[in-house]
Amino acid sequence: MEQISKNVFVETKVRGCNPAFVITSDGVVVIDTPQLPTRAVEMYQLAKSYGPIRYLINTEQHVDHIFGNYYFDEVEHIISHRATFDNFMTVYPQINPYLYAKEAIPTDDPEGASIFPDEKTYFSKPNKPDIIIDGDMEFKVGDHTFQLLWTPGHTPGQLAVVVPEERMMFVGDTIFNGCQTWLYTSNVEQWIRSLDRLLEVDVDIVIPGHGPVCTKQELYVQRAFLLEWVTQIAVAVGKGWSKEECLAKLGFADRFPVDIGQEYMLNDVTVNNINALYDQLTVKMPVMPRKK
Ligand SMILES: [Zn+2]
């Protein structure tokens, strides 16, 4: 893992999300867990070497952020938004999360095959969250403050974790930096409002859910890409195109690669994005609850 400050480690270069941990004066706080078994065990051991793991925060429900919880045995509490808890390892028509995690083993983590659990074993101990929140939450561990901001959009239970003492925020998949954006469980209107909300946070460093560590500038880049996606499909809907025509003609395949290890999924991501947006843009958009 890459050490980006005295107290913060992040992994941005292996298949799956960008898991991270923060070392405090009173133990460690983990943000998301690696999808690949070998990486999950390595990160668990490394994090524990700096002190007891007080909290593990899952920023969202997607398998690449939560599957590795299985390997994090000694964690005092696991926190997520209620929507993440409710959708933990939920099977969607587009993706069966357990099978998706399994599919990555031969290519991305062959050494992990021996510790990859069968389905029954996995679901007997998935290490689901035990602290469930419905909005924002703030707490201190040692000298560090952790502000969890509910920033729905990419998924309904999306959280961002702001650590003011490090001048950092971990925004999860609210930012895909330099790689394709996944929209199949997303509400883009909410997502754009959440990006706007994060613009107000006073930090220097942004840890995205995928891609290299960045700055708040990438909030604008992500917003622009979401607007491009919405505009492209909205224009097609306005022209009276069917979903099939959109699938045949649209997409942003030339813009970014899919994140590490998922290059072969470009067509799936494009199809899922078009399907999701077409369905959202051919009905009245749901209304975002007002900010408190
Ligand atoms: Zn995601």
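Odds and ends about this structure:
- Solvent-accessible area, 1.4 Å probe, carbon plus sulfur percent, for the chain: 53
- At an R0 of 25 angstrom, the distance between the Cβ atoms of Glu228 and Asn267 translates into a FRET efficiency of 0.85.
- Contact order normalised by residue count of the chain, Cα under 8 Å, 6+ apart, percent: 15
- Near Phe146, once Lys and Arg are set to +1 and Asp and Glu to -1 for all other residues with Cβ below 13 Å from its Cβ, the sum equals -4.
- Shape category assigned to segment 104-250 from the gyration tensor of Cα positions, a/c cut at 1.5: oblate
- Calculated FRET efficiency for the pair Ser114/Thr215, C-beta based, R₀ 35 Å, to 0.05: 0.30
- Under 15 Å, Cβ to Cβ, from Asn275 - net charge with Lys/Arg +1 and Asp/Glu -1: -2
- Neighbourhood charge, 11 Å Cβ-Cβ cut-off, centred on Tyr184 and excluding it, Lys, Arg +1 and Asp, Glu -1: -2
- As a rough guide to protection, the peptides 159-165, 242-248 ranked by mean Cβ packing within 10 Å, highest first, stand as 159-165, 242-248.
- Gaussian network model of the chain, springs between alpha carbon atoms under 10 Å - residue of Thr282, Thr107, Thr33 with greatest fluctuation: Thr107
- Förster-model FRET efficiency, 30 Å R0, Lys243 and Thr107, C-beta, rounded to 0.05: 0.45
- Mean Cβ neighbour count within 10 Å, used as a protection proxy, ranking 212-222, 77-87 highest first: 77-87, 212-222
- Approximate spin-label separation Thr282-Arg82, in nm, with each point projected 7 Å along Cα-to-Cβ: 3.2
- Placing a label point 7 Å from the Cα of Asp130 along the Cα-to-Cβ line, the residues of segment 59-74 whose backbone N sits under 19 Å from it are 59, 66-74.
- Computed over protein heavy atoms with a 1.4 Å probe, the accessible surface of the chain works out to 42 Å² per residue.
- Spherically averaged projected area of segment 17-151 from its Cα convex hull (nm²): 8.1
- Members of Lys6/Lys102; Lys48/Lys216; Lys216/Lys243; Lys13/Lys128; Lys102/Lys125; Lys13/Lys249 lying beyond 28 Å, as alpha-carbon distances in this model show: Lys6/Lys102; Lys48/Lys216; Lys216/Lys243; Lys13/Lys249
- Mean ellipticity per residue at 222 nm, deg cm²/dmol - from DSSP H runs of n ≥ 4 across the chain, formula -39500 (n - 2.57): -9500 deg cm²/dmol
The values are calculated or read from the model by the stated rules, or taken from the named source; none is laboratory data. Keep in mind that this is a model prediction, so the values were computed, not measured. Backbone-built Cβ (ideal geometry, glycine too); neighbour counts: all protein chains shown. Areas reflect the complete protein model, heavy atoms only, side chains present, ligands, DNA and RNA absent. Shrake-Rupley method; radii C 1.70, N 1.55, O 1.52, S 1.80 Å.
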